[in-house]
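Read-outs: derived from the displayed coordinates by stated rules, not from any lab. Just so you know, these numbers come straight off a predicted model, no measurement behind them. Cβ atoms come from the backbone with ideal geometry, glycine included; neighbour counts cover every protein chain shown.
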Amino acid sequence: GGERRQPRMYWPRCPRECRVYVGNIRFGTRWDDVREHMSKGGQVVFGRIIKQAREDPNSPSGVRYVSRGFAIVQYATPEDATKAIETLSGTTLNGRRIYVRPDESRRGATKGATDAETPAEE
């Protein structure tokens, strides 16, 4: 079918051990680049570069969302996530050395600028 899927707004159900935090991402890096790089560690099922709302008088809505320099990536299994942490931390993405560690946040339960307020990027 040629119909376009609507982006998912909510994280698929998975143990927290399926998710990793990817830090030191260069501003301007696209989610597709993060996903491609991180899939060297295993099957990426979902993820997002976390963004923060900033006031922007030039934007029609008065705000724009800017990268906070990190992403959360969810793998199909905890084993894939562990492999990604072991093999991809310290690798280079878009000229920056990234670090990968277990995601210790509670997705959807954090305050402030969170994935619940920004559109999913797939």
Quiz item: When you count, for each residue, the other Cβ atoms within 10 Å and take the mean per peptide, how do 47-54, 22-29 rank with the highest first?
Solution: 47-54, 22-29
Quiz prompt | More than 18 angstrom apart: percent of Cα pairs within the stretch 17-81 | solution = 41 percent
Quiz prompt | Computed label-point distance, nm, for sites S61 and K40 using a 7 Å Cα→Cβ extension | solution = 3.3 nm
